[in-house]
Amino acid sequence: MVFPDIPSQQPWIPSFLYHTHTHTHTPTPPSSAETKKAPTPEKSLGFMIRAPSDKRIAMFSPQYYAACTAGGIFSCGLTHMAVTPLDLVKCNMQINPAKYKSIGSGFGVLLKEQGVKGFFRGWVPTLLGYSAQGACKFGFYEFFKKYYSDIAGPENAAKYKTFIFLAGSASAEVIADIALCPFEAVKVRVQTQPGFANGLSDGLPKFIRAEGASGLYKGLVPLWGRQIPYTMMKFSTFENIVEAIYKNAIPLPKDQCSKKLQLGVSFAGGYIAGVLCAIVSHPADNLVSFLNNAKGATVGDAVNKLGIMGLCTRGLPLRIVMIGTLTGAQWGIYDAFKVFVGLPTTGGSPAPAKK
């Protein structure tokens with residue numbers, strides 16, 4: 001994917017939201033008497049936002065965290081929705097391995113029984129759930145990374161930067177999974193039980209009638225077990241991989257590299273991190289699918305039926321491909337959005353200060 005170089009100073013608020021005046025005629029120059037009058041305050045135009053005089057976003061300002069939150073929505077929501085067919089086959093391989101024996105046969109079974117349309121069953125809870133998760137994951141990660149760095153102080157933050165990445169990403173994911181969990185519960189049920197519901201609009205009330213509102217959070221602890229290690233690996237390895245690429249593979253400091261090169265580094269670092277994430281979080285992913293598929297199911301039931309080896313390996317090759325591509329695309333989209341609004345890409349050491 002080729003990304004154009006984009007000017008570094010652009011507003012984070014879309015231009016169509018700016019509070020500006022439009023005219024359909026050439027204005028008449030004011031008289032000398034009118035120019036002496038004090039300016040009158042302009043009336044508020046409701047939700048419209050006045051264009052800022054300085055359109056740059058200050059680092060770690062409220063606008064900065066808002067931009068990171070928006071980037072997280074785009075990066076997670078769109079990518080997870082795009083891989084819905086892979087996710088659907090993976091979930092069914094985890095729940096019913098006798099019927100969905102392999103990736104190829106799994107796609108064949110779905111195509112035969114449900115047609116092409118069946119490959120995107122559950123896309124709405126996927127889009128909404130992972131958009132909410134992405135907003136919290138990336139927005140709060142940037143917040144907690146700065147917060148913990150300030151607590152540690154400049155010297156310790158640099159010395160123990162990996163611990164900062166791990167703590168910041170874990171803290172963010174705890175919040176993000178609370179937002180994701182209800183959508184994930186409905187998604188798994190819709191995808192693995194044909195006839196249960198068509199999607200979120202009918203699946204959510206049906207789920208609540210069957211198991212109560214608390215049932216939507218039955219899989220929260222396993223979800224934390226899957227997502228927190230995944231996110232810690234995703235963010236810490238990405239940050240360190242990107243820094244290593246700039247340090248060892250690129251002869252120029254990061255801020256002297258083109259935006260296209262920086263975004264390429266973001267995708268490569270994200271893909272490598274995603275492969276590691278998939279391996280670390282896969283046993284918990286099998287648990288989440290198992291628990292959300294059957295009423296009253298327990299972790300013990302999952303271990304007895306799948307076995308420890310099954311929990312660690314069932315559906316893993318497909319998940320490595322899916323999560324590697326997904327994570328690479330997420331970091332690419334997230335950093336592309338940051339570039340678009342005039343922010344630097346994530347990771348990498350700044351250029352050394354001149355003496």
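Conditions (1) touching a Phe, Trp or Tyr at 6+ places or on another chain (Cβ under 6 Å); (2) touching a residue at least 60 places away in the same chain (Cβ under 8 Å), marked per residue:
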site	(1), (2)
Q63	yes, no
G77	yes, no
H80	yes, yes
L88	no, yes
C91	no, yes
A98	no, no
K112	no, no
P125	yes, yes
May I ask you to verify whether V265 is closer than 22 Å to P344 by Cα and either open to solvent by 40 Å² or more (accessible area, probe 1.4 Å) or at pLDDT 80 or above (or both)? yes
Only unsatisfied item for F120, checking (1) crowded, with 19+ Cβ neighbours inside 10 Å; (2) without any contact (Cβ under 8 Å) to a residue 40 or more places away in the chain; (3) under 24 Å from the mean Cα position of the chain (by Cα), is (1)
On the given criteria, is E42 surrounded by fewer than 11 Cβ atoms within 10 Å (Cβ to Cβ) and either assigned to a helix (DSSP H, G or I) or at pLDDT 50 or above (or both)? no
Within the group G328, G324, G348, which residue is under 19 Å from K254 (Cβ atoms), surrounded by 16 or more Cβ atoms within 10 Å (Cβ to Cβ) and at pLDDT 80 or above? G328
Within the stretch 212-255, can you find the residues that are assigned to a helix (DSSP H, G or I) and farther than 21 Å from W331 by Cβ? A213, S214, G215, L216, Y217, L220, V221, P222, L223, W224, G225
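Of K187, K161, K145, K137, which residue is without any contact (Cβ under 8 Å) to a residue 60 or more places away in the chain and of a type in the set (K, R)?
That would be K145, the only listed residue that is without any contact (Cβ under 8 Å) to a residue 60 or more places away in the chain and of a type in the set (K, R).
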Within the stretch 216-230, the residues that are open to solvent by 30 Å² or more (accessible area, probe 1.4 Å) and farther than 14 Å from S169 by Cβ are Y217, K218, V221, G225
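Name the one entry in D285, D301 that is out of contact with any helix residue (DSSP H, G or I) (no Cβ under 7 Å at 6 or more places or on another chain) and not aliphatic (A, V, I, L, M).
Result: D301 is the single residue among D285, D301 that is out of contact with any helix residue (DSSP H, G or I) (no Cβ under 7 Å at 6 or more places or on another chain) and not aliphatic (A, V, I, L, M).
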Can you tell me which residue in the stretch 135-194 is most open to solvent (accessible area, probe 1.4 Å), limited to those that are out of contact with any Gly (no Cβ under 7 Å at 6 or more places or on another chain) and acidic (D, E)? E155
Return the residue satisfying two criteria in turn: it lies in the stretch 279-309 and is open to solvent by less than 10 Å² (accessible area, probe 1.4 Å) and among the small types (G, A, S), and of such residues it is farthest from the chain's Cα centre (by Cα). A302
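The values are calculated or read from the model by the stated rules, or taken from the named source; none is laboratory data. What you are looking at is a predicted structure, and each value in this text was computed from that prediction instead of being measured. Note that we place each Cβ from the backbone using ideal geometry, even for glycine, and neighbour counts take in every protein chain shown. SASA here: full protein model, heavy atoms, side chains in, ligands and nucleic acids out. Shrake-Rupley method; radii C 1.70, N 1.55, O 1.52, S 1.80 Å.
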